[in-house]
Structures are given as C-alpha cells and as structure tokens.
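Undergrad: Below is a structure I'd like to ask you about.
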Amino acid sequence: MKHATISNSHDSARGHDPQRRGRIPVVRTVRVRWARVGPDRRLFLRGELFRIFSAYYEGFGIEAFESFFLDRQDVVLGLFYGADRQLAGFCSMRRSVVGAGGHRYGALSAGVYIDTRYRGGRVAAAFGLREAMRIKLRHPSVRLGYLGLAHTPAPYRLFCRTMPRVYPSRPDHSGEPPGDIAEVMSSMLDERGWPRLRHCPWAIATPMYHPRPDWLERKLGTPDDLDVQFFCERVPGWSRHGHALACWVPLELRDIAGASLRWRPGTARGRRSESEQRGPQ
C-alpha cells in the first residue's frame, strides 16, 4: 500500500493542478475503524494520511493531526485508492450525540482530503452518505446532521447546491440555524476549543493555514455566485488567517436518499461536483 509519489501532491495542491482529464480515478474504498487498527499499520497509515493532509494545510503537526482526525471515539476512515493502486486520499468521520430542545441530535464531522492528481470527489461523497445512512438506520430517532467546517468557498457552495437545507445560508436558501440546531452547533464548536470570531458566531479561527493564499484568491477572482459571496462575507479571512465557516446540513432519510441519487455515477450533478469536491473541507 506504499504511496511512493504522494509528495508530488504538494505541488498540485499549491497551484499546479493537473487538468481534470489527466487525473487518475479513484476506484476502490476501504472502510476502517481506527480503534481496530494494529500498532504497526496505525503508524504507517498515520504518516501516509498526514502527508496527504499537509499538502493542503500548514500549522498542524502530525501529533495534532492524529489527535483531531484519528484518536477520537468511533472514528471511521474511508481510504480511497486510485486505479494505479496507490492511496489517493481519505475521509475521517466521527459521530457525537448531543441533547437539545428535548431531542437527541447525532452530529457527524468529517474531513475529506484527496491528492489532487486523483479524481475522487464522487467516491468520497458516496462514502459519507453510506455512513450517514448506516447510522440513521441504526438510530432512527436521532436527528442526524453533518457539522462541517468549510475552509474555502468550494465545499460550502457544494453543500448549498446539493442539499436542500444548509445552516447558515442565504435567507432565500435556509437562513440562520434554528434554536435547537444553533445549540447543537455551539456545543460541538465549544468542544473543539477553537475561538469563534466576533462578527459571526459560526466563523471559526482554526490552526489550519493555506500554504498558497495568493493562488487561492486569484483562482476565486471576483465571485458572482451568491453562495460564494455569502461565504466570503461571513469569513473574509478564509484564505490567509485559517478562518472557516461552520455549517449544519440536516441528514434525515429523505436528505440522504436525495443526495445519493444526485451523486450516483453518471449523473450531471455528480460529474460537475467531481471537480468542486477537490478542495479542503
């Protein structure tokens, strides 16, 4: 499973992104419970996953990476392998249960990082939706949702385009989080311990910094997309200061089923979102 060429991902993540047609497809997903991984394999995977992650962000050492993405209760990994049989990326997913307003909320958190030489956005989305469906079927009374931290406009725009409800968002989309959801989000964000910015309760100062902020800003240009404008207004320091926008995406059965249909192989939505999914989330 050695990924001998992963160091090249640093160049692609920092501005030398290969053309989409030349990217290698992700063809296989391996589901792993981190708590069940043996010591030798755990040490190897930790190094490989950190190398993929560190192509996107600076400011996180390997110990902090392991603590945040791996050494938490019930962490499930999706390991993505390309057609060249190399490790192409991963998804780290974890679940917490929070009480609010007399209800139990299941909050899913996930980080998706794929070497930009690979094409794997649709595969990563399918993995996340399968995990959400698995949890929802086992715990049907829990109000499930995805608590995401959008570090760039791309994943936030993707949420708004593919999911019927996203909080916070434009007033004509979903608006601000309702009371119970706002309580859940606040509880989960306080647990992470990262400071919130004064101008927006859902804007977070994280220790993850983009290595090429100038390139990211040039790539974005002057956005005419309303969701991108909303993101940039809430998180003006996203490209240079490690700021991110916390958002809640409800995941009831109808939401999961609808998203699965939109992301199924061969659909126009899935093909368009393939490139949008490549950025950090």
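The values are calculated or read from the model by the stated rules, or taken from the named source; none is laboratory data. This one's a predicted model, so the numbers in the text were calculated from it and none came from an experiment. For neighbour counting, all protein chains shown are included, and Cβ atoms are generated from backbone atoms with ideal geometry for every residue, glycine included.
Undergrad: Taking SER67 and the conditions (1) in contact (Cβ under 8 Å) with a residue 24 or more places away in the chain; (2) surrounded by fewer than 19 Cβ atoms within 10 Å (Cβ to Cβ); (3) under 24 Å from ALA132 (Cα atoms), which numbered condition does it fall short on, given that it satisfies the others?
TA: (1)
Undergrad: Taking SER141 as the residue in question, decide whether it is crowded, with 20+ Cβ neighbours inside 10 Å and part of a loop (DSSP other than H, G, I, E, B). Full working, then the answer.
TA: Numbers: crowded, with 20+ Cβ neighbours inside 10 Å: no; part of a loop (DSSP other than H, G, I, E, B): yes.
It is false that SER141 is crowded, with 20+ Cβ neighbours inside 10 Å and part of a loop (DSSP other than H, G, I, E, B).
Undergrad: Since ARG85 meets every condition but one in (1) modelled with pLDDT of 95 or more; (2) surrounded by fewer than 19 Cβ atoms within 10 Å (Cβ to Cβ); (3) in contact with a helix residue (DSSP H, G or I) (Cβ under 9 Å, 6 or more places away or on another chain); (4) not hydroxyl-bearing (Ser, Thr, Tyr), which condition does it not meet?
TA: That leaves (3) as the condition not met.
Undergrad: Of the residues ARG94, ARG130, ARG104, which is assigned to a helix (DSSP H, G or I) and either free of Cβ contacts under 8 Å to residues at least 40 places away in the same chain or touching a Gly at 6+ places or on another chain (Cβ under 7 Å) (or both)? It would help to see each step written out before you state the result.
TA: Numbers: ARG94 fails: assigned to a helix (DSSP H, G or I); ARG104 fails: assigned to a helix (DSSP H, G or I).
Of the residues listed, the single one that is assigned to a helix (DSSP H, G or I) and either free of Cβ contacts under 8 Å to residues at least 40 places away in the same chain or touching a Gly at 6+ places or on another chain (Cβ under 7 Å) (or both) is ARG130.
Undergrad: Take the residues of the range 173-195 that are of a type in the set (Ser, Thr, Tyr) and touching a residue at least 12 places away in the same chain (Cβ under 8 Å): which is surrounded by the fewest Cβ atoms within 10 Å (Cβ to Cβ)? Lay out the reasoning, then the answer.
TA: Of all residues in the range 173-195, those of a type in the set (Ser, Thr, Tyr) come to 174, 186-187.
After this cut, where a residue has to be touching a residue at least 12 places away in the same chain (Cβ under 8 Å) as well, the list is 186-187.
Working: SER186: 17, SER187: 15.
For the range 173-195, the residue satisfying everything is SER187.
Undergrad: May I ask you to list the residues in the range 152-172 that are assigned to a loop (DSSP other than H, G, I, E, B) and either touching a residue at least 60 places away in the same chain (Cβ under 8 Å) or surrounded by 18 or more Cβ atoms within 10 Å (Cβ to Cβ) (or both)?
TA: THR152, MET163, PRO164, ARG165, VAL166, PRO168, SER169, ARG170
Undergrad: Take the conditions under 20 Å from SER96 (Cβ atoms), out of contact with any strand residue (DSSP E or B) (no Cβ under 8 Å at 6 or more places or on another chain) and modelled with pLDDT of 90 or more and apply them to PRO201. Does it pass?
TA: Details: under 20 Å from SER96 (Cβ atoms): yes; out of contact with any strand residue (DSSP E or B) (no Cβ under 8 Å at 6 or more places or on another chain): yes; modelled with pLDDT of 90 or more: yes.
So PRO201 passes the test.
Undergrad: Give just the number: which of (1) touching a Pro at 6+ places or on another chain (Cβ under 9 Å); (2) aliphatic (A, V, I, L, M); (3) over 30 Å from GLY99 (Cβ atoms) does MET208 not satisfy?
TA: (3)
Undergrad: Which one of THR206, THR267 is at negative phi, at pLDDT 90 or above and hydroxyl-bearing (Ser, Thr, Tyr)? Spell out how you get there, then give the answer.
TA: Numbers: THR267 fails: at pLDDT 90 or above.
Among THR206, THR267, only THR206 is at negative phi, at pLDDT 90 or above and hydroxyl-bearing (Ser, Thr, Tyr).
Undergrad: For MET133, all conditions in the list (1) surrounded by fewer than 20 Cβ atoms within 10 Å (Cβ to Cβ); (2) more than 22 Å from PHE80 (Cα to Cα); (3) modelled with pLDDT of 90 or more hold save one; what is the number of the exception?
TA: (2)
Undergrad: Name the residue that is surrounded by the most Cβ atoms within 10 Å (Cβ to Cβ), counting only residues in the range 196-239 that are acidic (Asp, Glu) and outside any helix (DSSP H, G or I).
TA: Here is the first cut: in the range 196-239, the ones acidic (Asp, Glu) are 214, 217, 224-225, 227, 233.
Still in the running and outside any helix (DSSP H, G or I): 224-225.
On the way: ASP224: 7, ASP225: 14.
Across the range 196-239, the extreme among qualifying residues is ASP225.
Undergrad: Please find, within the range 60-91, the residue that is nearest to ARG138 (Cα to Cα) out of those that are charged (D, E, K, R) and either under 17 Å from the mean Cα position of the chain (by Cα) or assigned to a loop (DSSP other than H, G, I, E, B) (or both).
TA: Here the residue is ASP74.
Undergrad: Has the range 92-101 got any residue that is out of contact with any helix residue (DSSP H, G or I) (no Cβ under 8 Å at 6 or more places or on another chain), farther than 17 Å from ALA132 by Cα and crowded, with 19+ Cβ neighbours inside 10 Å?
TA: no
Undergrad: Between ALA259, ALA246, which is surrounded by 15 or more Cβ atoms within 10 Å (Cβ to Cβ), among the small types (Gly, Ala, Ser), closer than 30 Å to VAL142 by Cα and modelled with pLDDT of 90 or more? First the steps, then the outcome.
TA: Numbers: ALA259 fails: modelled with pLDDT of 90 or more.
The match here is ALA246.
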